[in-house]
Each structure stands twice: as C-alpha cells, then as structure tokens.
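Asker: The following block contains the structure, expressed as structure tokens.
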Amino acid sequence: MSSGFATTSEWAISNFGDCDLGDVRRTRRAVQVASRMAEHPSGSSPQQMNEWAELKACYRLFHSQAVTFAALARPHWEQTCAAARGRVLIINDTTTMSYRYRQDVEGFTRGGKGFPYGFQLHNAMMVNADNGEVLGLARQELFYRVPAPTKENRRQKGRRPRESDVWGRVIDAIGAPAAGVEYIHVCDRGADNLEVFCHLRQQHCQWVIRCSHLNRDIQPVTAEGLGAVVSVEEALAKRPVLGTKSLSLRTRPGQPQRSVELQVRVLEVSIPQPRRRTPYLRAIDYCEMRQTLVELREHRPRRGSEPLRWVIWTSLSVQTLEEAEAVIKIYEQRWLIEELHKIMKTGCQLEERQYESAHCLEAVAGITSVLAVRLLSLKQLSRSTPQTPASDVVPKEWIKMVEALRKRHLPTVRDFVHNLASLGGFLMRKDDGEPGWMTLWRGTERLLIALQTQDALRRKCG
C-alpha cells in the first residue's frame, strides 16, 4: 500500500513507530499525535486532539527534551533510503520557517538585520526518476542563521563555517547509494559551490545543479586537451547551438503562461584549482574537476517578457540533444520541493503554531514535514501510476466512501484521486489537468470526517 493512501493510523505507525524517544510510552504517544495531525493537517493542536487529556499529553510530548526534530524524523529518513531502487532523484533545498516577530519564543534568535524570527530547514526529498513517485525525505537538517561578524576580512570569512555548508553535510549524511542504485542530486543555485561538487563526487553521486556564478573560472575541454582559463559566460558565448527545445512555462508573478523556444548549448569543462582554497578543499587535496554545462537560452523572447535562461552543471554524460533534454527534464522536477515547502507552510500551517519554545516548534516540524510528504505523494501517485487498480493502493473503506459520496465506480488510482479532489473543489473538467495538493488535501479532510462519522454511528448502533 502506498504510504500516501495508507490510513492515518497505519501511516503514523509506519513512520513514527520506531522512534527512539527514550521511553516506549513516548513513542506510542508520538504515533497517536501523528495520527491525529494527519486527520486534520491544517488544524492547531487543540483542533487536532479529540479531548483535553489528549491535548495535555501532546503538550507533554513536545516539551520533552528527548523528543527532538531528528528523533521524530529519523525512522522516515531510513525507510526512504531503504526504498530506493534504480535511478532516484534527491531534490535539495532550504526553506525559512518564519515566525515573523515572535520575540517571546524561548530559544529563537534573529539571524541578522532584516531576518524574521524562526529557523531554517534543509530538505532532501527522494523521487523515483522514471515516474516521479515521491519516496520520502532522505535527510533533513534544521538550523539557525548566525549573523556574519562585523569588520570581517576575506581570510577570516574563508575560514569560518558558512551557512552553505549545510548542503555538504546533508549529502554526506545521505551517503553513497547502495548497489544497483544511482543517486542524482538536484539543486538550485544555492548549491553552485565547488565544495558541494566535491562532496557529491566523494559520495559517488551524480548531480544536476543550477549555475549561479557565471563568472567562475573554467577550462573548456577540447580534443587537444584543456583550453585557456575563461569565465562560464565567455565559454558559453562561443559555443554553437546543439539544437532547440520547446518548453511550456507556468504562470509566474508578472509573467503569464506561455510557450518558449529555447536554444540548447553543451560544453564539457574542467574547474581548476581556485586561488584560495578553503580548509575543506585543502583537506581533500583538490586539483580539478570535470563536468558538463548545459545552457538553455530563450530565442526571440516575447516583448515585455523576461527572457528565460538556465545554465546547469551536471556530472552526467551529455553528448547529444537527447541527453541534454534528459538533464533538463531532471531539473524540471526540482519544483516538487517547492510544493513540499508550500504544503508545510500553507497546508499544515506550521508557521502559525503558537508554541512558546523553539524546542516545541522544532518537534512539531519533525512530524509536519513527514506529513507534508504524505500529502504530496497523494498528488503524485495519480501521475506516476494512473492506471493502477485503486484497490491495490487505497484502503477499501476509502474507496467505498468516495464512491458513495460521488455516486460512481472508481476502478483506477487516477479515478480515485480525481474524485477525492472533487470533494475539495476540483471541478474535473476536461481541460483542468491534474488536481493540485490543496484540493486533494481538502477532499481528504472531508473524506476522513465522513469515515469518522460512519465509525461513530456504527459504535452507537452496535
């Protein structure tokens, strides 16, 4: 059964039943609290718990010093990595959990002028590369921003720990893939860092990373050897067009939905030793690294529209237009991590929690982040395996209830997902495409209420 379509109690036992919280009673309570949170993802703790005794037990759980973010989420991380088969994508990104100006929260500090109170959460989500199925979170790290020291010179800046080090720590925590498994880390421009590339190479992983530093020194690889040192921008400007690709862009702020024609350029390069090596680069005795640049540049942009341009680093072999398009397709999956963050903040209302200590909010985030994966996987399953019989992955009582509410037979996963989303406002018109997580989440809440009502009536009537 898919973890996305497991009953709330089955899902809670699977993901939190093996938590090491110092006492088996705490683990049982964590399972119960997680199950209640899954029944009403957007609610506050008083709304999610059924009675005052349950709410007090929930508060005691989150206040316990043994109940940490990592202790709650670790079993899910381990299950996710164990489920990896074949080629999988590990989509990485950091998001800010902002509690605005809540100075009253014990343990919160502001990470510098202009930053809100709260914490940073780095997530590494594992996705099946072939069909887009969400496997879960492979690793996470919760941390707080530390303001840069005043009057810091360049040498001091190079020696102190940096916020960007989190990428390498998470990559090392996930480690190397098992036999028969290939990891491809997919990252945005925050990971355009030589140390990140080195961590990935040390862990025998592949990568697809958006380029941010177009002024970085590189050496183009030619048939005769390495060319002269130039910037990324200069090297790409001299490359011929390998081919063109059409891409449909979603609506963005200030930019309507549109189709664009992109020119594709490919260049194999070597990154030479930098002038100043960080302590990490000295420790691994860095000399050079070879990888490929893939550029997409919009050809003849529409007047008034910002031209689209992607420059992507990849360790994958790219010799043809088809291989370049495969790399582009991989990078397009990065939006899934943005969906996950949106579910955590908007769907699960993590930033609206009113706990008065950072420790409690961190513990709540440990359950909420795994719950967000459950909601996202509901959406993805109908896309990854639409013709799978619904009875193979969905609890029978769920199918019966949705069939009763919608008054129709639901043989496949796609049928079930669309009708479940319709309970949350999805109109199921011919051109509506696939439902979003918001309508699925609302439909799931309505379904769970119907099931709870049915169960209560059965107990009352014997």
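Derivation of every value follows stated rules applied to the coordinates shown; laboratory data play no part. Just so we're clear, the structure is a prediction, and the values are computed from it rather than from any experiment. Methodologically, a virtual Cβ is constructed for each residue, glycine included, from the backbone with ideal geometry; neighbour enumeration extends over all protein chains shown.
Asker: Report, in degrees rounded to the nearest 10, the 0 to 90 angle that the Cα long axis of helix 52-63 makes with the longest principal axis of the chain.
Answerer: Computed tilt is about 30 degrees.
Asker: Could I ask something else about it? In percent, how large is the relative contact order of the chain, given Cα pairs closer than 8 Å and 6 or more residues apart?
Answerer: The value is 16 percent.
Asker: If one takes the longest principal axis of the Cα atoms in the chain, at what angle in degrees, from 0 to 90 and to the nearest 10, does the Cα axis of helix 413-422 lie?
Answerer: 70 degrees
Asker: Long-range amide H contacts for Thr412: which residues qualify at under 5 Å (H placed 1.01 Å from N, peptide plane, sequence gap of 5 or more or a different chain)?
Answerer: Correct list: Ala390.
Asker: Work out how much length Gln387 to Tyr59 would gain on full extension: take 0.36 nm times their residue separation and subtract the Cα-Cα distance, in nm to one decimal.
Answerer: 113.8 nm
Asker: Across every pair of different alpha-carbon atoms, what Kirkwood hydrodynamic radius in Å does the stretch 20-119 reach?
Answerer: For the stretch 20-119, inverting the mean 1/r across all distinct Cα pairs yields 16.4 Å.
Asker: If you wrap the chain's Cα atoms in a convex hull and average its projection over all directions, what's the area in nm²?
Answerer: 26.2 nm²
Asker: Tell me which residues come under 5 Å, amide H to amide H, from Arg139 once H is placed; ignore anything under 5 positions away on its chain.
Answerer: Under 5 Å from the amide H of Arg139 lie the amide H atoms of Ala124, each far enough along the sequence or on another chain.
Asker: In whole Å, what three semi-axes, largest first, describe the equivalent ellipsoid of the stretch 211-321 built from its Cα gyration tensor (square root of 5 times each eigenvalue)?
Answerer: Each semi-axis is √(5λ); the values are 31, 17, 12 Å.
Asker: What is the angle, in °, between the Cα long axis of helix 321-332 and the longest principal axis of the Cα atoms in the chain? Nearest 10 is fine, range 0 to 90.
Answerer: The two axes meet at around 40 degrees.
Asker: Between the alpha-carbon centers of the stretch 81-153 and the stretch 304-326, tell me the distance in whole angstrom.
Answerer: A separation of 26 Å, based on Cα centres.
Asker: Sticking with this one: If contacts are Cα pairs under 8 angstrom and at least 6 residues apart, what is the relative contact order of the stretch 385-457 in percent?
Answerer: For the stretch 385-457, the relative contact order is 29 percent.
Asker: Using the Karplus curve 6.51 cos²θ - 1.76 cosθ + 1.60 with θ = phi - 60°, what ³J(HN,Hα) values do you get for each residue of the stretch 350-363, in whole Hz, with x for Gly and Pro?
Answerer: After applying 6.51 cos²θ - 1.76 cosθ + 1.60, I find 4, 6, 9, 5, 10, 4, 9, 9, 4, 4, 5, 5, 5, 5 Hz.
Asker: I would also like to ask the following. How large is the charge dipole for the chain, taken about the Cα centre, if only the Cβ atoms of Lys, Arg (+1) and Asp, Glu (-1) carry charge, to the nearest 20 debye?
Answerer: Result for the chain is approximately 980 debye, rounded to the nearest 20.
Asker: Starting from the Cα of Lys396, step 7 Å toward the Cβ, then list every residue of the stretch 419-451 with an amide N under 18 Å from that point.
Answerer: 451
Asker: Need one number: % antiparallel among DSSP beta bridges in the chain, to the nearest 5.
Answerer: DSSP beta bridges in the chain are roughly 85 percent antiparallel.
Asker: Based on DSSP H runs of at least 4 residues, each adding -39500 (n - 2.57), what is the mean residue ellipticity at 222 nm of the chain after dividing by all its residues, to the nearest 500 deg cm²/dmol?
Answerer: Helix-only estimate at 222 nm: -12500 deg cm²/dmol.
Asker: Sticking with this one: Just for the Cα atoms in the stretch 385-457, what are the lengths along the principal axes, largest first, rounded to whole Å?
Answerer: Principal extents (Cα only, largest first): 39, 24, 20 Å.
Asker: Take the residue pairs Lys407/Lys430; Lys329/Lys430; Lys56/Lys342; Lys329/Lys379; Lys407/Lys460; Lys345/Lys379 and return only those whose Cα atoms are more than 21 Å apart.
Answerer: The pairs that break the limit, which is 21 Å between Cα atoms, are Lys329/Lys430; Lys56/Lys342; Lys407/Lys460.
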